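The values are calculated or read from the model by the stated rules, or taken from the named source; none is laboratory data. Here the structure is a predicted model, which is why all the values come from computation and not from measurement. Cβ: placed from backbone, ideal geometry, glycine included. Neighbour counts: every protein chain shown.
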Amino acid sequence: MQNQANYEKLERATRLRKRITATLTYTLLTFWGLVVLFPFYWMILTSVKSYAAYNGERVPLLYTLSPTLENYIDAFTAVPLLDYILNTVIFTVATVAIMLVVTVLAAFAFARLNFKGKNLVFTLFLALMMIPSELVIITNYVTVTNLGWQNTFTGLVLPSVTSVFYIYLLKENFSQVPDELYYAAKVDGTSDLKYLLRVLLPMCRPTVITVTILKAIECWNAYVWPRLITDDENYFLVSTGIQFIRENGFGRENIPAMMAAVVVITVPLVALFLIFRKKIMAGVARGGTKG
């Protein structure tokens with residue numbers, strides 16, 4: 001009886017500790033979630049306040065009783081925001097498409113093909129990850145300018161079509177596919193390209209989707225290179241266009257209209273992540289696991 005009582009007491013204490021731990025964990029996660037989401041809430045709230053209401057608040061309010069969509073109308077009529085979005089879509093689609101071809105072929109070569117110096121070349125590739133991208137911007141700028149590609153989509157796209165990290169991620173994922181499948185395909189007379197397209201890519205689809213989405217987000221948020229290589233408004237992306245809008249469109253004082261433009265620019269990325277979040281997590285987890 002004494003042992004039974006001690007066991008029940010220990011079990012109650014264990015359950016209590018687990019309950020306290022879970023409560024503290026969810027409390028901290030909830031608090032951190034609110035901290036992360038608050039800027040988005042503030043952005044949306046400000047975008048539906050009128051210019052007069054926003055400037056009339058001595059202390060910023062966390063709500064509004066008279067929301068308006070006037071700022072969103074201004075975002076599309078006062079400045080060419082739709083043109084910026086279209087340019088960004090063209091830049092993103094072209095960059096992602098070319099990047100997928102380059103990275104998939106490179107990853108396949110490192111994962112399945114045998115050639116002299118493969119390990120050395122792959123090591124040098126990984127070493128490039130240690131070099132900050134800012135160090136090669138001037139070199140890329142001089143090259144693109146000398147080729148006459150300034151203020152062109154070619155100049156925007158080409159320097160962004162390779163990624164050592166994505167090649168590494170896909171290479172590790174391709175390496176997890178059993179070698180027996182590759183040898184069996186070769187015995188059947190299947191070419192390397194057919195094996196890649198019909199076997200490897202379908203099996204590694206989560207990682208490929210992850211790379212595609214992450215690259216699309218990266219292109220949508222690109223600022224430094226587009227800002228450097230374009231000074232023609234006809235080639236502005238949303239990242240560079242938003243700064244131009246701030247300086248020459250609404251004016252620095254019209255914060256609600258600026259917030260409306262930012263909301264319009266942000267929504268596609270948020271929607272993309274929410275739709276494919278499970279595939280992103282699965283692809284990253286699978287790409288980083290061996291065996």
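Miscellaneous remarks
- Yes/no for residue 82 being in a helix (DSSP H, G or I), without any contact (Cβ under 8 Å) to a residue 40 or more places away in the chain, over 30 Å from residue 183 (Cβ atoms) and in contact with a helix residue (DSSP H, G or I) (Cβ under 8 Å, 6 or more places away or on another chain): yes
- Residue 205 passes every criterion in (1) in contact (Cβ under 8 Å) with a residue 12 or more places away in the chain; (2) under 24 Å from residue 269 (Cβ atoms); (3) not hydroxyl-bearing (Ser, Thr, Tyr) apart from (1).
- Residue check: residue 61 meets all listed conditions (1) surrounded by 10 or more Cβ atoms within 10 Å (Cβ to Cβ); (2) in a helix (DSSP H, G or I); (3) not assigned by TED's automatic domain parsing to the domain that holds residue 256 but one, namely (2).
- Set side by side, the residues 180, 218, 233 differ, and just one is farther than 25 Å from residue 89 by Cα and either among the basic types (Lys, Arg) or assigned by TED's automatic domain parsing to the domain that holds residue 106 (or both), which is 180.
- Among residues of region 105-163, those that are without any contact (Cβ under 8 Å) to a residue 40 or more places away in the chain and of a type in the set (Lys, Arg), counted: 2
- Looking only at region 56-93, and only at residues there that are under 30 Å from residue 233 (Cα atoms) and among the polar types (S, T, N, Q), the one that is nearest to the chain's Cα centre (by Cα): 92
- Test result for residue 171, assigned by TED's automatic domain parsing to the domain that holds residue 109, within 17 Å of residue 103 (Cβ to Cβ), at pLDDT 85 or above and part of a helix (DSSP H, G or I): yes
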